[in-house]
Amino acid sequence: MTMNTHVALKIAGMTCTHCAFTVDKALRAVPGVVDAAVKFPEGKARVTATGPIPTDALIAAVNAAGYGAKLADMDPAAAGRSMAPSPSSAGVGIHVAIIGSGSAAFACAIRAVEGGARVSMIESGVLGGTCVNVGCVPSKIFIRAAQMAHWQRAHPFPGLGHSQPTVNRTALLAQQQGRVEELRHGKYAHVLASHPDITFFQGRARFHDRNTLVVHAADGGQQRITADRFLIATGAHPHRPAIPGLEKTPYWTSTEALLAEDLPAHLIVLGGSVVAVELAQAFRRLGAEVTILARTTLLSKDDPDLGAGLEAVFREEGMQVWKHTLPESVRYEGGLFLVQIGQNTLRSDRLLVATGRAPSTQGLGLEGVGVLMDRAGAIIVDDHLRTSIPHIFAAGDCTNHPQFVYVAAAGGTRAAVNMLGGDDALDLRIMPAVVFTDPQVATVGLDEQGAQRLGLVGESRTLTLDNVPRALANFDTRGFIKLVGERNTGRLLGAQVLAAEGGEIIQAAALAMRGGLTIQDLATQLFPYLTMVEGIKLCAQTFTKDVKELSCCAG
């Protein structure tokens, strides 16, 4: 009988649990390996194989995945053979130039220097990119403050009384920007200071040829940077629709809205997607009258039930929602915006344009070096983050990938791995997304229409939140949980959630999809009681049962 053998490896270069998964996958692919236990925090792996341990093959597999490996507690010289290069040496001699300084840029830079490369980072604006400066961080602080104001005014517990909040926008803004600056320093400036192999350049970069950038500084100076690999991570900027007169008005984008020191009396919001609905509700809750003008419907790219449910919430909170509406013209007179819609003229003291974000790829000289883009100007990349030019990579909102900061960061890390000879693909098949309204909108995988487009026979069930004990205990039953399963196999295909804490709920569905669980698997799992995520289990049970007939926490 063949005996199993074991070997312990030290793994270098892992920065997260996904790195551990990648190393695990690489080790298990080696012939003879029957098990691999990779631990990210400890930087170790224990490999079990049938027969003799294929040490050289194990180390080569880890190196090919972009990481380093050596036998634990073993001196390579004493072993009498050379070891495969580790991330601290695999990229020695490679120079990586990165355009941008946001999440994708920093993820790539950190991973590249861990692999032994030296990095030049070029930024034309503020260090840190969109998320920390004008996106995720300030918007979520703003939204949370607005939620607190709303709860003061309209929480569901009459025994606690209600009060009209006093909103000091100056104080709120100071707190918001204080946290922004704190995170910019701690997560970006400090990282630069602690990595001497990253050299930062302030200026606007443009490709001179496929191996050279020209950096134009604000003082008029120029500098040429020649590199072996490039990452374009320039992000995106607010899109301005082609509405006559709009460009002549002092309209807001999300940037100006988040930095405004005064609250508008009446805010008109152009747009019906993520930024539009998040900020519209926040301004309403802080005291402004709000009118949303959506070109089609709210959240039109998602399951229609989500937009309809959110619209009902907005109307209940006193917001006006105009669907299938595109202004014919906009003008600004006497301190007011005049928005023309057919025979109607809407007036407001502020206008927020939130009609999406366009890739920031202009002025980079991409056409001259052969980097292909789509019609919107987004750089076309493959799942390894390569552009049409093999040594030029791109990641984040400037590409044809979904515009989420976690996608950008994941792309930046994988781009670095692949720059240094690794083979790490970005898998976007299971990608949870959250809209931070209240209730939150959260999605993962396919909705019913998406399943049908792919030729899958799916079926769905929708559980309204008055069937979720935690929602009843919270006295907040707005929304629903919908699961989509494959009819023949029961495999979970997707989930759509409109619920308080929807962003926390959705990850359970994402992990279930990643693990290949079926609807029945979810229906029989243990979920803690009372929690909102228990709604996933209850919704799964509705495929075979009437949950209204079950007792609390029925298994």
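The values are calculated or read from the model by the stated rules, or taken from the named source; none is laboratory data. Predicted, not measured: the structure shown is a model, and the values here were computed from it. Cβ atoms come from the backbone with ideal geometry, glycine included; neighbour counts cover every protein chain shown.
Of all residues in the range 404-420, one or more are outside any helix (DSSP H, G or I) and either over 22 Å from residue 211 (Cβ atoms) or without any contact (Cβ under 8 Å) to a residue 24 or more places away in the chain (or both). With respect to the conditions (1) within 16 Å of residue 461 (Cβ to Cβ); (2) hydrophobic (A, V, I, L, M, F, W, C); (3) without any contact (Cβ under 8 Å) to a residue 24 or more places away in the chain, residue 492 lacks only one, and its number is (3). Against the definition (touching a strand residue (DSSP E or B) at 6+ places or on another chain (Cβ under 8 Å) and surrounded by 17 or more Cβ atoms within 10 Å (Cβ to Cβ)), how does residue 508 come out, yes or no? So residue 508 fails the test.
Just one of the numbered conditions (1) in the same structural domain as residue 199 (by TED's automatic domain parsing); (2) touching a residue at least 24 places away in the same chain (Cβ under 8 Å); (3) exposed (fewer than 14 other Cβ atoms within 10 Å of the Cβ) is not true of residue 265: (1).
Number of residues in the range 462-479 that are over 15 Å from residue 541 (Cβ atoms) and either part of a loop (DSSP other than H, G, I, E, B) or not hydrophobic (A, V, I, L, M, F, W, C) (or both): the value is 8.
List the helices (runs of 4 or more DSSP H) that sit entirely inside the range 272-386 and contain at least 1 residues that are touching a His at 6+ places or on another chain (Cβ under 8 Å).
On the way: elements: 274-285, 304-316, 366-369.
Answer list for the range 272-386: 274-285.
For the range 167-242, which strands (runs of 3 or more DSSP E) that fit wholly inside it have 3 or more residues that are without any contact (Cβ under 8 Å) to a residue 40 or more places away in the chain? First the steps, then the outcome.
On the way: elements: 198-202, 204-209, 212-216, 222-226, 229-232, 236-238.
Of the strands (runs of 3 or more DSSP E) lying wholly inside the range 167-242, those with at least 3 residues that are without any contact (Cβ under 8 Å) to a residue 40 or more places away in the chain span 212-216, 222-226.
Quick one: is residue 335 surrounded by fewer than 20 Cβ atoms within 10 Å (Cβ to Cβ) and farther than 30 Å from residue 462 by Cβ? Please lay out each step first, then the result.
Details: surrounded by fewer than 20 Cβ atoms within 10 Å (Cβ to Cβ): yes; farther than 30 Å from residue 462 by Cβ: yes.
Against the criterion (surrounded by fewer than 20 Cβ atoms within 10 Å (Cβ to Cβ) and farther than 30 Å from residue 462 by Cβ), residue 335 qualifies.
Reported count of residues in the range 163-180, each being under 23 Å from the mean Cα position of the chain (by Cα) and among the aliphatic types (A, V, I, L, M), is 1.
When you check residue 218 against the structure, is it at pLDDT 95 or above and either farther than 17 Å from residue 124 by Cβ or surrounded by fewer than 18 Cβ atoms within 10 Å (Cβ to Cβ) (or both), yes or no? If you could, list the steps in order and put the result at the bottom.
Working: at pLDDT 95 or above: no; either farther than 17 Å from residue 124 by Cβ or surrounded by fewer than 18 Cβ atoms within 10 Å (Cβ to Cβ) (or both): yes.
Answer is no for this residue.
So, in the range 61-87, exactly how many residues are at pLDDT 65 or above and surrounded by 15 or more Cβ atoms within 10 Å (Cβ to Cβ)? Spell out how you get there, then give the answer.
Initial filter on the range 61-87 (at pLDDT 65 or above): 61-72.
Next cut, surrounded by 15 or more Cβ atoms within 10 Å (Cβ to Cβ) only: 61-71.
Going through the range 61-87 one residue at a time, the tally reaches 11.
Could you say whether any residue in the range 146-160 is outside any helix (DSSP H, G or I) and closer than 30 Å to residue 117 by Cβ? No: the range 146-160 contains no residue that is outside any helix (DSSP H, G or I) and closer than 30 Å to residue 117 by Cβ. Here 396, 363 are screened, and the one residue that is buried (at least 20 other Cβ atoms within 10 Å of the Cβ), on the phi > 0 side of the Ramachandran plot and either in the same structural domain as residue 102 (by TED's automatic domain parsing) or not small (Gly, Ala, Ser) (or both) is 396.
Selection of the range 318-330 for residues being touching a strand residue (DSSP E or B) at 6+ places or on another chain (Cβ under 9 Å) and either at pLDDT below 95 or over 16 Å from residue 252 (Cβ atoms) (or both) yields 318, 319, 320, 321, 322, 323, 325, 326, 328, 329.
Restrict the check to the range 119-132 and report whether at least one residue is of a type outside the set (Val, Ile, Thr) and in a helix (DSSP H, G or I). Yes, because at least one residue in the range 119-132 is of a type outside the set (Val, Ile, Thr) and in a helix (DSSP H, G or I). Could you list, in sequence order, all residues of the range 518-533 that are surrounded by fewer than 20 Cβ atoms within 10 Å (Cβ to Cβ), part of a loop (DSSP other than H, G, I, E, B) and not β-branched (Val, Ile, Thr)? Matches in the range 518-533: 525, 526, 527, 528, 529, 530.
Inside the range 103-128, can you point out the residues that are touching a helix residue (DSSP H, G or I) at 6+ places or on another chain (Cβ under 6 Å) and under 22 Å from residue 253 (Cα atoms)? Within the range 103-128, 103, 126, 127, 128 meet the criteria. Taking (1) in a loop (DSSP other than H, G, I, E, B); (2) free of Cβ contacts under 8 Å to residues at least 24 places away in the same chain in turn, residue 256 satisfies each apart from (1).
Are any residues in the range 341-376 among the acidic types (Asp, Glu) and under 30 Å from residue 388 (Cα atoms), and if so, which ones?
First, the residues of the range 341-376 that are among the acidic types (Asp, Glu): 349, 367, 374.
Answer for the range 341-376, where residues must be among the acidic types (Asp, Glu) and under 30 Å from residue 388 (Cα atoms): 367, 374.
Considering only the range 8-31, how many residues are surrounded by fewer than 16 Cβ atoms within 10 Å (Cβ to Cβ) and either modelled with pLDDT of 80 or more or in contact with a His (Cβ under 7 Å, 6 or more places away or on another chain) (or both)? Going through the range 8-31 one residue at a time, the tally reaches 5.
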